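The values are calculated or read from the model by the stated rules, or taken from the named source; none is laboratory data. Since we're looking at a predicted model, the values are computed, not measured. Note: ideal-geometry Cβ built from the backbone for every residue, glycine included; neighbour counts use all protein chains shown. Ligands, DNA and RNA are stripped out before the accessible areas are found, and what is left, the full protein with its side chains, is counted by its heavy atoms. Shrake-Rupley method; radii C 1.70, N 1.55, O 1.52, S 1.80 Å.
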Amino acid sequence: MKDVAQHAGVSTATVSRVLNGHAAPTPETRERVLAAIEELGYRPNALARSLRTTSTQTLGLVISDLLNPFFAEIARAVEDEARSHGYCVVIGNADESAEQEATYVRTLLDRRVDGLLLCPATDDPSLVREVSAGGVPLVLLDRTVRGATCPVVRADGSEALTALARRLVGAGHTRIGVIAGPPNTSTGRERTDVLTGSLGGLAQVVHGDFRQESGSQAAARLIDDGATALVAMDNLMGLGALGEVRARGLQIPHDIAFAVFDDQPWFPLLDPPITVIAQPTVEMGKAAARSLLALIDGRQPDDVRLTAKLVLRGSLGEAEL
């Protein structure tokens, strides 16, 4: 900064004012400082600045699986909203691992992020308690944990799942295969409870791990057990299940009805297009970023619960008539 000041013929205080967006003594002085910064290739030391201002203008986002289009879209929405408020986002991919999640969370805290968005890998509240005890603003996204007191932003698929169950039962299905998420996650447990509760004794449940391969394996078991309809509880497991159905030469919906919780851009392009329960991913990401910025600003935002919707496209057959 001293070099820039000397090059521009101004004080370091004037350089600081220009860097921080405050008005310079004159427009000409500001232009001279900016020209000196450009010529010298000067870049402010963000860490040093954070020690002085206690802010890095950076948010941390730890998501469950970056390969999952659902989380990729959420991450993009978080970035867009944060950027509009002058913040950058640093992303960590937990890869559905509690250990990797903890490593990323602690690394981001060491980097002095101003706040943290977390999609918990499990229901275990210990990591959330650790972050909260450190006084770092925290918002949970998509999933929650036991006893969480921080704001939570998520989508509610209860009505959509109930409507899906009603259609399958009404179409005469009596062996409905449910490819469920892991029961140690709030979304895995809650979605399964709602759907199986609505299906009564007609549901056959096999748990996966929100990964494509587990969806394929679960679908194989359920088809072997005589399922006439499959419902996958997230898009990657749905993709795996779809591959298993195709590999067996089964025709959707003539041989087996098919639906997925979560949408993918190519689901409407398949033949037949896949019926889904679509979550408002962009709204979730933006709402989560706004909630975290409110916490950083000293305000206490309410939980945000958006609504997922059943989108009928043709893969349920008679159930969609």
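Only DSSP H runs of four or more residues enter the estimate; each adds -39500 (n - 2.57), and after division by the residues of the chain the mean residue ellipticity at 222 nm equals -14000 deg cm²/dmol. Expressed in Å, the radius of gyration and Dmax of the Cα atoms of the stretch 1-44 are 8.8, 23. Note on Gln100 and Met1: their simple-model spin labels are 4.0 nm apart, each label 7 Å out from Cα toward Cβ. Accessible surface calculations at 1.4 Å, restricted to protein heavy atoms, place the stretch 72-214 at 43 Å² per residue.
Accessible area per residue was computed with a 1.4 Å probe on protein heavy atoms; Glu320 scores about 40 Å². Here the stretch 176-196 and the stretch 62-87 have alpha carbon centers that stand 25 Å from each other. With a ≥ b ≥ c taken as the square roots of the eigenvalues of the C-alpha gyration tensor of the stretch 156-279, please select rounded if a/c is under 1.5 and otherwise prolate if a/b is larger than b/c or oblate if it is not? Judged from the Cα gyration tensor, the stretch 156-279 comes out rounded (a/c under 1.5).
In the context of the full set of protein chains, the stretch 1-44 has a per residue accessible area of 67 Å² (1.4 Å probe). Among the protein heavy atoms of the chain, carbon and sulfur supply 50% of the accessible surface, probe 1.4 Å, non-protein parts ignored.
The stretch 126-143 and the stretch 301-321 have their alpha-carbon centroids 30 Å apart. Taking semi-axes √(5λ) of the Cα gyration tensor in Å as the quantity of interest, determine which of (i) 62, 19, 16; (ii) 33, 23, 20; (iii) 49, 20, 16 was computed from the displayed structure. Entry (iii). Each other residue within a Cβ distance under 15 Å of Leu310 adds +1 if Lys or Arg and -1 if Asp or Glu, for a net charge of 0. With contacts taken as Cα pairs under 8 Å at a separation of at least 6 residues, the chain carries a relative contact order of 16 percent.
Taking a ≥ b ≥ c as the square roots of the eigenvalues of the alpha-carbon gyration tensor, the stretch 234-321 is classed prolate because a/c is 1.5 or more and a/b outweighs b/c. In the elastic network of the chain, a GNM with C-alpha springs shorter than 10 Å, the most mobile of Asp95, Asp224, Asp142 is Asp224.
Remark on Thr307: its backbone amide H falls under 5 Å from those of Asp156, a criterion applied only to residues 5 or more positions apart or on other chains, H modelled at 1.01 Å from N.
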